[in-house]
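Each reported figure results from applying straightforward, stated rules to the coordinates on display, with no laboratory input. No experiment lies behind these values; they were computed from the predicted model shown. Positions of Cβ are generated from backbone atoms using ideal geometry, with glycine treated the same way; all protein chains shown enter the neighbour counts.
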Amino acid sequence: MADVRPDRGRPAGDDRGRSADDGRRDRGQLILVTGLAIAVMLVALVLLLNTVIYTQNLATRGAEVDDTAAITYQQEVVDSVGGVVDAENREGYDDRSKVEENVTAAIDRLDGLSARYHAEEGTVARVETDTLALTEGTLLYQTNASRNFTSDGESDDWELAEDVTNARHVRFTVSGENLSDGRPGSFHVRLVGDDGTNWRVYLYNDTDDDVAVAVQNGTDTPELACTTSGPEATVDLTRGTLNGSACPKLVWATDLDSPYRVEFQNADEAIGTYELTADESGGATDVETGNFAGANAEESPRAVPAVYAAEFDLHFETPDLTFHTTVRVARGEPE
């Protein structure tokens, strides 16, 4: 008779009855689970990085918009204040305090209007007028377009001012038909430095009857800088333009050290208008007042107190940006 014994089971951990296929199946499942875990981690990491990049892009785009708005605001204020200063200067006040008072009041009004406009857009935009500082100047100008460029006493060769350290908006609008034919004997502006060095600009008609501008630096031979056609021409000496177009050879006071003297030569050879705003801060600029009419005179030329420059702080603030800077406004100053 066969010996039959009850089955008491295998001890735990006894794999003697498992096949090789069972072991490979377990390892495959482990690898699969591990791979899925890694895949989930990678997807989460990619999503996280995309979120960060998207957020940074939004922040960058927002900053660019705010920066652009702030710079635009600054430029608008600079242009507006420059226009206000020059307009008040041309009023021809006989008292310096009057022109400075009116410039300050105009900038106050500009600030109020600008602040209300930007407030509607949720933006704080202010000209901090309590920081406003004005630089004293003198405006030398002629508004009678039918008069030549002689002095008040009708001198052809005359001095406008000496000890000039800075000048801006030195501009002439001349009638082409009244200019000399050719450079010799023509009207010209002469700047003379402390060391005797000269800088000259000639205005005349060339052989084609165009208005020509020639420049002479030091002892060099005068060189044609630019020409333009038309019945009249506007020459901006400090900006280096002729009728608004750049004239590269026309660079204000080249190789000339300040302070310098400003003169008109052959002034009866040009008819039109002109202006020159000189810096008088620190005792600079000594105007030859005897060559000008008074502020209230109807005839030109005139010399009047003026504001040369205005300096103040600007503040521009949005929910995403705070912009604060100090600006100086002196339109038409040499670059």
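Figures for the structure shown
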quantity: FRET efficiency, 1/(1 + (r/R0)^6) with R0 45 Å, evaluated for A133 and D320 via beta carbons; calculated: 0.90
quantity: Along each principal axis, Cα extent of the stretch 24-335, largest first, Å; calculated: 113, 46, 38
quantity: D194-V327 pseudo-label distance in nm [points 7 Å out on the Cα-to-Cβ vector]; calculated: 3.4 nm
quantity: T221 paired with D79, simple spin-label distance in nm, labels 7 Å along Cα-to-beta-carbon; calculated: 4.4 nm
quantity: Largest-first ellipsoid semi-axes for the stretch 185-276, taking √(5λ) over the Cα gyration tensor eigenvalues, angstrom; calculated: 21, 14, 13
quantity: Nitroxide proxy distance, nm - points 7 Å out along Cα→Cβ at E121 and N296; calculated: 4.6 nm
quantity: Proximal charge balance of S258 [Cβ under 10 Å; K/R count +1, D/E count -1]; calculated: -4
quantity: Charge-dipole axis of the stretch 92-245 as Lys and Arg at +1 and Asp and Glu at -1 on Cβ define it, positive-most pick from F172, T135, G112; calculated: G112
